[in-house]
Amino acid sequence: MDESDELLGIGAFGRRVGLAPSALRFYDDCGVLRPVKVDPASGYRFYGAEQEGRAVLLRRLREAGLSLLDARAVLDGGETEARTVLRTHVERTRQAADAARALIEEMLRGSPAGTPQQPQGRAGVGGAELASALRQVGPAVADAATRAKYPVLGCVLLELDDGEVRVVATDRYRLAVRTLRAMTTGGAPSRLLIDAGELADMAAWALRHQHVDIEVNGDEGRLIGDGGVCRAFVGRAGEFPDYRVVLDGVGTVRHRIIADRTALREAFAEREKGAVITVREEAQEVVVSGGGGGDERGGGGRTAIEVRAVCSGPPLRIAFDPAVLVPALDAGVGPDVLLEVASESEPVVVRSADQGSFTTLVMPVRALVSRETD
């Protein structure tokens, strides 16, 4: 095959099959849709025309709401397994339809008009997307004890810059970043610290509006919803940590784990600090052990639980504090979670499904990993 004629770059292939480059990168990371070629110098991915059918079917399955593990079963499993997965999903979708319809109707309701202002910075986003972003980063805000020592960690950073809206929170052990692509922009780059106590109310307010304009003027801001109705908020003083330094410092990924988000959460929920994820060679599951009680596998904790997963990389044994990891899993969207691990002692990237715009970094418990592996 003449690669120069036959292969397509990630952008061209994505346009042909209806997938964003970020989704294609995610599916490559997960091993569901590998490129035919990756340039060793630039890292650019290239795809062949024979992959279009698989890519389109994968997109349609995901649009229909199937988890990545279920979509993989349909793509690569036998006919019986595929039919079972699809029938189960149809029933689950039918049961959720009424609740989804009620939520959408609530989002589409309008409100009375307000008075516009000239902002320093302005960006327009979907109301539901803004509400989701505020709720997702909320669990990473510091607790009361940490806030007493570091008041700024009791705030969420709101940034309007480069056509994006970024919402950021950290408690020193977790870092959560959600990026929204702005539909409209204006003014200069702006940033504001929002007290965490306002997040729930702001999220509930945004969810009632189809579109929300975010305006920042110095240390004040406001949200403008459907019909011009406004909600004002006041910024807090302080210098928020430079989260970009942390993101840029994440090491090269050596291990990837794709698992059912709810199942992984439940495996950790009742455990204590030091619960361990073990990945064995060529395994299709992870084992969660440790964290108190009697472990059947000798991990020094409660009964071990196997969670179905797709794993890549060498064998791995890494420990977490469930009080830190579980809220990160709760903040995710969709049925899947992707854990990207550089090493047992570096921050672990927790990504929600193929929504690359939301990233959480979680610190493992290094001392307990060392103790359990000795």
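Here is a yes/no grid of residues against (1) modelled with pLDDT of 90 or more; (2) part of a strand (DSSP E or B); (3) of a type in the set (G, A, S); (4) within 15 Å of V341 (Cβ to Cβ):
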site	(1), (2), (3), (4)
E282	no, no, no, no
E296	no, no, no, no
I305	yes, yes, no, no
V310	no, yes, no, yes
P314	yes, no, no, yes
Cβ pairs under 6 Å, 6+ apart or interchain, first in segment 163-179 and touching a residue at least 24 places away in the same chain (Cβ under 8 Å) and closer than 17 Å to E198 by Cβ, second assigned to a loop (DSSP other than H, G, I, E, B) and hydrophobic (A, V, I, L, M, F, W, C), ordered by first then second residue, are V165/A182; A169/V141
Taking the conditions exactly as written (within 15 Å of V152 (Cα to Cα) and either open to solvent by less than 10 Å² (accessible area, probe 1.4 Å) or of a type in the set (A, V, I, L, M) (or both)), does L175 satisfy them or not? yes
Would you mention how many residues in segment 185-226 are under 24 Å from E239 (Cβ atoms), assigned to a strand (DSSP E or B) and open to solvent by 30 Å² or more (accessible area, probe 1.4 Å)? 5
The correct count of residues that are among the charged types (D, E, K, R), touching a Lys or Arg at 6+ places or on another chain (Cβ under 7 Å) and either within 12 Å of G313 (Cα to Cα) or surrounded by fewer than 22 Cβ atoms within 10 Å (Cβ to Cβ) (or both) in segment 271-292 is 1
Taking into account only those residues within segment 137-157 that are among the charged types (D, E, K, R) and assigned to a helix (DSSP H, G or I), which is most open to solvent (accessible area, probe 1.4 Å)? K149
Given the structure, is T278 under 25 Å from the mean Cα position of the chain (by Cα), under 21 Å from M363 (Cα atoms) and in a strand (DSSP E or B)? yes
Listed by first then second residue, the pairs whose first member lies in segment 341-352 and is farther than 13 Å from R317 by Cβ and open to solvent by less than 20 Å² (accessible area, probe 1.4 Å), whose partner is part of a loop (DSSP other than H, G, I, E, B) and charged (D, E, K, R), with beta carbons under 7 Å and at least 6 positions apart or on separate chains, are A342/R254
Filter result for the condition that a residue is at pLDDT below 90 and over 30 Å from P322 (Cβ atoms), over Q120, Q136, Q95: Q120
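The values are calculated or read from the model by the stated rules, or taken from the named source; none is laboratory data. Computed from a predicted structure; not experimentally measured. With ideal geometry, Cβ positions are generated from the backbone for all residues, glycine too; neighbour counts draw on all protein chains shown. Ligands, DNA and RNA are excluded from the accessible area calculation, which covers all protein heavy atoms including side chains. Shrake-Rupley method; radii C 1.70, N 1.55, O 1.52, S 1.80 Å.
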